[in-house]
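Quick notes on the structure that follows.
The values are calculated or read from the model by the stated rules, or taken from the named source; none is laboratory data. Bear in mind the structure is a predicted one, so any value in this text is a computation, not a measurement. Don't worry about glycine lacking a Cβ; one is built from the backbone with ideal geometry, like all the others, and counts go over all protein chains shown. Heads up: the accessible areas ignore ligands, DNA and RNA and are worked out on the full protein's heavy atoms, side chains in. Shrake-Rupley method; radii C 1.70, N 1.55, O 1.52, S 1.80 Å.
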Amino acid sequence: MIVAEAVGRALAARGVGTAFGVVGSGNFHVTNALVAGGVRFVAARHEGGAATMADAYARMSGRVGVVSVHQGPGLTNALTGLTEAAKSRTPLIVLAGEATEVQSNFHIDQAALATAVGAVAMRVTSAEEAVSRVAEAYRVAVEERRTVLLNLPLDVQAAPFEGPVDVPVAAAGESGPSVAEVGELARLLGAAERPVFIAGRGARHARRELEELADLAGALLATSAVAKGLFRGSPWDLDVSGGFATPLAAELIRGADLVVAWGCALNMWTTRHGTLVSPDAKVVKVDLDPAAFKTHVPADLGVAGDVARVAEALAAQVAPRAGYRSPELAARVRAEGRWRDVPYEDESGGGRIDPRTLSIGLDDLLPRERIVAIDSGNFMGYPSMFLDVPDEGGFCFTQAFQSIGLGLATAIGAAIARPDRLPVAALGDGGALMGIAELETVVRLGLPMVIVVYDDEAYGAEVHHFGPHGHPLGTVTFPPADLAAIARGHGCAAVTVGGPGDLAGVAEWVDGPRDRPLLVHAKVTAEHGSWWLEEAFKGH
Ligand SMILES: Cc1ncc(C[n+]2csc(CCOP(=O)(O)OP(=O)(O)O)c2C)c(N)n1
Ligand SMILES: [Mg+2]
């Protein structure tokens, strides 16, 4: 065996489920060793796609993501997806060949690149420590929730390896939350008249514990966008807090006298630049990472610890009370709790469909057991707000780096994590064309995906940002592109939607046999920008 094989085998022995990548000479052996060790390998068409697939896979499966890339350009191609993963604290391991000879065309400072985007750089430097380096990379990725680049120098990869590849891992020690801070939060919950819980990424595993505590404290339930769906089915679920919040959710969150953020930083998106949190409200953050307490909307009280453990400890200390809950309020949540309950004037016409009408129509047509992935752009709120999801495993939002072009690969990673659900990719025309290399991957993998393109023939975000100020828009507008034809060329089914009546084509596909992916090329109305975009521009 050579070191490259030992590294792949050692990672496979850790129980890694799926790896994504693009194979070149520098990661050929390590990738084959992963496969020989029982790991599924998904070949992407661009390393950026591979990185994003692995990120989405990790988020939606709860397992570590693995990416395998060639040295140099293989890694630089992957960087945007890796940055998104690093910013989102996705546990991810990147196996990269490394050309250590400066004369090599492939040589770059890979460790510096990784560090620059917030990933952790490691290197296998000898046969002797190859397996322990893999174990360390795995530990840092999983326990510290980091994106780890494991550089594999070509000469070290080729060295002979002897010995076992399967080294036992020490169990992570978990310290309980501080008694004093939990007691203080119990006191605040016992006194609050209108408590609201906002659950974020760090709470996606803790629905039961949070709901039980909220029932005792009489709290209403909301999430950040990345945790959308967490409280689905609860009569007290306000859905997403922030730019995507319904008018009712915004009103009720603003009315809270206690906001408890669970594994949620309360950033500008979740709080509409802080305006959703009343200046009179007490703010508490419960987070594994105490660094979160002071960032964004700062906490009056920080409780360090795992969200589920803290909620459990609190449930033993909080006496039942009505809090924010009342039959009248439950009736309002039932009547006004979803965006589709909010009246609007349908602007469809002239061969274009109102994106709200499109999204509501798709929500009605597509099976509920779905997993929705969203790209970035002006359009992004429509699917986020109008396409319902069954739970927190139904929404994959790779937006920490706010890159366009990640949506399709996100949907692929999510689809592989949840083969029981219909994957839905919601893209703008700009993001769709940027990430289109992976359309072949969708077809090749036989994923029964619905890809919805909200086509305004423009970088709409830029058009609505600069257009009102009279700037020329030639750099951000495009002639019509026949995206349906492009999709058919790849082997997809496709429907062009220029009005509500065209959605019949989607219904036909849903009826079956769904033997190929469907691209819905929606020509959307674009007279004005979206209301959440106005919010977003304040952050630039
Ligand atoms: C990689 C990257 N390049 C550029 C941008 C700037 N940007 C933000 S939104 C956007 C337009 C996206 O266009 P499209 O996908 O068609 O969505 P739309 O805004 O038109 O709804 C651009 C270029 C970005 N966020 N990420
Ligand atoms: Mg567009």
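One residue stands out among those in segment 364-387 that are open to solvent by less than 20 Å² (accessible area, probe 1.4 Å) and charged (D, E, K, R): the one that is nearest to ligand 2 (Cβ to nearest atom), which is Asp375. Look at (1) under 18 Å from Val333 (Cβ atoms); (2) in contact (Cβ under 8 Å) with a residue 40 or more places away in the chain and you find that Leu221 fails only one, number (2). When segment 461-489 is limited to residues that are closer than 29 Å to Trp509 by Cα and under 26 Å from the mean Cα position of the chain (by Cα), the one that is surrounded by the most Cβ atoms within 10 Å (Cβ to Cβ) turns out to be Ala487. Among the residues of segment 13-28, those identified as at pLDDT 95 or above and surrounded by fewer than 22 Cβ atoms within 10 Å (Cβ to Cβ) are Ala13, Thr18, Val23, Gly24, Ser25, Phe28. The strands (runs of 3 or more DSSP E) found entirely in segment 253-315 that carry 2 or more residues being charged (D, E, K, R), open to solvent by less than 30 Å² (accessible area, probe 1.4 Å) and closer than 16 Å to Arg89 by Cβ are 282-287.
Looking only at segment 202-230, residues that are farther than 19 Å from Leu314 by Cα, crowded, with 24+ Cβ neighbours inside 10 Å and not aliphatic (A, V, I, L, M) come to 3 in all. Report yes if some residue within segment 388-402 is assigned to a loop (DSSP other than H, G, I, E, B), open to solvent by less than 10 Å² (accessible area, probe 1.4 Å) and within 14 Å of ligand 1 (Cβ to nearest atom); otherwise report no. Scanning segment 388-402, I find at least one residue that is assigned to a loop (DSSP other than H, G, I, E, B), open to solvent by less than 10 Å² (accessible area, probe 1.4 Å) and within 14 Å of ligand 1 (Cβ to nearest atom), so the answer is yes. Looking across segment 411-434 at every residue that is more than 14 Å from Met380 (Cβ to Cβ) and either assigned to a strand (DSSP E or B) or among the aromatic types (Phe, Trp, Tyr) (or both), the one that is farthest from ligand 1 (Cβ to nearest atom) is identified as Leu422.
Please list, ordered by residue number, the strands (runs of 3 or more DSSP E) wholly in segment 38-146 having 2 or more residues that are within 20 Å of Gly24 (Cα to Cα) and modelled with pLDDT of 95 or more. Reasoning before the result, please.
On the way: elements: 40-43, 65-69, 92-98, 120-123.
Counting at least 2 such residues, we get 40-43, 65-69, 92-98.
Of all residues being open to solvent by less than 20 Å² (accessible area, probe 1.4 Å), at pLDDT below 95 and in contact with a helix residue (DSSP H, G or I) (Cβ under 7 Å, 6 or more places away or on another chain) in segment 511-540, which is farthest from Phe401 (Cα to Cα)? Just the residue, please. The qualifying residue farthest from Phe401 (Cα to Cα) is Ser530. Within segment 13-33, the set of residues being assigned to a helix (DSSP H, G or I) and without any contact (Cβ under 8 Å) to a residue 60 or more places away in the chain comprises Phe28, Asn32, Ala33. Scoring Val134 on the criteria (1) within 21 Å of the chain's Cα centre (by Cα); (2) buried (at least 18 other Cβ atoms within 10 Å of the Cβ) leaves a single failure, condition (1). Residues considered: Pro419, Pro423. Of these, the only one that is more than 15 Å from ligand 2 (Cβ to nearest atom) and open to solvent by 10 Å² or more (accessible area, probe 1.4 Å) is Pro419.
Scanning segment 435-455 for residues that are within 16 Å of ligand 1 (Cβ to nearest atom) and in contact with a strand residue (DSSP E or B) (Cβ under 9 Å, 6 or more places away or on another chain) turns up Gly435, Leu439, Ile451, Val452, Val453, Tyr454, Asp455.
Gly202: part of a loop (DSSP other than H, G, I, E, B) and not β-branched (Val, Ile, Thr), yes or no? Walk me through it before giving the result.
Numbers: part of a loop (DSSP other than H, G, I, E, B): no; not β-branched (Val, Ile, Thr): yes.
When the stated conditions are applied, Gly202 does not pass them.
Tell me, please, whether a residue that is open to solvent by less than 10 Å² (accessible area, probe 1.4 Å), of a type outside the set (Val, Ile, Thr) and assigned to a strand (DSSP E or B) can be found in segment 231-244. So far as segment 231-244 goes, yes, one or more of its residues are open to solvent by less than 10 Å² (accessible area, probe 1.4 Å), of a type outside the set (Val, Ile, Thr) and assigned to a strand (DSSP E or B). Can we say Ala250 is modelled with pLDDT of 95 or more, outside any strand (DSSP E or B) and buried (at least 21 other Cβ atoms within 10 Å of the Cβ)? Taking the combined requirement at face value, the residue does not satisfy it. For segment 435-452, indicate whether the set of residues that are within 12 Å of ligand 2 (Cβ to nearest atom) and closer than 18 Å to Thr398 by Cα is non-empty. No; the residues of segment 435-452 include none that is within 12 Å of ligand 2 (Cβ to nearest atom) and closer than 18 Å to Thr398 by Cα. Here Arg321, Arg368 are screened, and the one residue that is modelled with pLDDT of 95 or more, among the charged types (D, E, K, R), out of contact with any helix residue (DSSP H, G or I) (no Cβ under 8 Å at 6 or more places or on another chain) and assigned to a loop (DSSP other than H, G, I, E, B) is Arg368.
Output the residues belonging to segment 332-361 that are assigned to a helix (DSSP H, G or I) and either open to solvent by 40 Å² or more (accessible area, probe 1.4 Å) or of a type in the set (Lys, Arg) (or both). Hits for segment 332-361 are Arg332, Arg334, Ala335, Glu336, Arg340, Asp341, Arg356.
Being open to solvent by 30 Å² or more (accessible area, probe 1.4 Å), of a type in the set (S, T, N, Q) and touching a residue at least 60 places away in the same chain (Cβ under 8 Å) narrows it down to one of Thr115, Thr100, Thr80, so name that one. Just one listed residue meets the conditions, Thr80.
Does segment 497-510 hold any residues that are under 28 Å from the mean Cα position of the chain (by Cα) and buried (at least 19 other Cβ atoms within 10 Å of the Cβ), and which are they? Can you show your working first?
Taking segment 497-510 as the starting set, the residues that turn out to be under 28 Å from the mean Cα position of the chain (by Cα) are 497, 503, 506-507, 509-510.
Val497, Leu503, Val506, Trp509, listed by residue number.
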